[in-house]
Structure formats: structure tokens, C-alpha cells
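I have placed the structure first, in the form of C-alpha cells, so that the comments after it can refer back to it.
The values are calculated or read from the model by the stated rules, or taken from the named source; none is laboratory data. None of these values were measured; they are calculated from a predicted model. Note that we place each Cβ from the backbone using ideal geometry, even for glycine, and neighbour counts take in every protein chain shown. Heads up: the accessible areas ignore ligands, DNA and RNA and are worked out on the full protein's heavy atoms, side chains in. Shrake-Rupley method; radii C 1.70, N 1.55, O 1.52, S 1.80 Å.
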Amino acid sequence: MARSGIDTLISELVTTASGAVALDNLAPIALLLTQWRHSAEVYADPALLAILTRDHEDGLGPVPAPGTAE
């Protein structure tokens with residue numbers, strides 16, 4: 001992980017931990033760490049990273065309205 005990524009993780013962890021302690025609920029810390037783990041998994045897989053970071057110039061097609069069948 002690049003140094004800026006580590007700095008961002010630590011900053012988010014401290015901010016989240018402060019809020020979690022104030023709420024007396026540690027679940028936000030677990031959620032944050034899970035989100036970071038999933039991000040690391042994407043960056044560790046070159047094929048997945050390429051898919052998720054490529055430019056979609058033509059868009060991804062029409063999106064159905066919520067609650068409608070595809």
C-alpha cells in the first residue's frame with residue numbers, strides 16, 4: 001500500500017474510532033476495516049482492478065427504474 005493510502009487509512013480509522021467511542025458502538029470500526037479490506041482485494045487482483053478502473057466512454061447501458069423488472 002502506498003504511503004498516502006496508509007495515511008488515509010490511519011486518518012479514517014482515528015476519526016471513525018473517535019465517533020464509535022462517542023456512540024458506545026464499535027460496529028463502525030469493523031465496517032471501515034471491512035471496506036478497506038475489500039479495496040485491498042481489488043488492488044491485489046490486476047484483472048479486477050483493470051475492469052473497475054477502465055474508462056466507460058459509452059456508458060454502461062440503460063438502467064431500469066427502481067422496482068421495475070429488467
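Against the condition at pLDDT 95 or above and over 20 Å from the mean Cα position of the chain (by Cα), how does Val14 come out, does it pass?
When the stated conditions are applied, Val14 does not pass them.
Show the residue pairs that are 6+ apart or on different chains and have beta-carbon atoms under 7 Å apart, the first residue being within the range 24-41 and assigned to a helix (DSSP H, G or I), the second being not aliphatic (A, V, I, L, M).
Pairs found: Pro28/Thr16; Pro28/Gly19; Ile29/Thr16; Leu32/Glu12; Leu32/Thr16.
Only one of these is part of a loop (DSSP other than H, G, I, E, B) and among the β-branched types (Val, Ile, Thr): Val63, Val21, Val14. Name it.
Val63
Please state which of the following conditions Trp36 fails to meet, knowing it meets all the rest: (1) under 19 Å from the mean Cα position of the chain (by Cα); (2) loosely packed, with under 12 Cβ neighbours inside 10 Å.
Going through (1) under 19 Å from the mean Cα position of the chain (by Cα); (2) loosely packed, with under 12 Cβ neighbours inside 10 Å one by one, Trp36 breaks only (2).
Please tell me if Leu52 is part of a helix (DSSP H, G or I), of a type outside the set (S, T, N, Q), open to solvent by 90 Å² or more (accessible area, probe 1.4 Å) and in contact with a helix residue (DSSP H, G or I) (Cβ under 9 Å, 6 or more places away or on another chain).
Judged against the criteria, Leu52 is a match.
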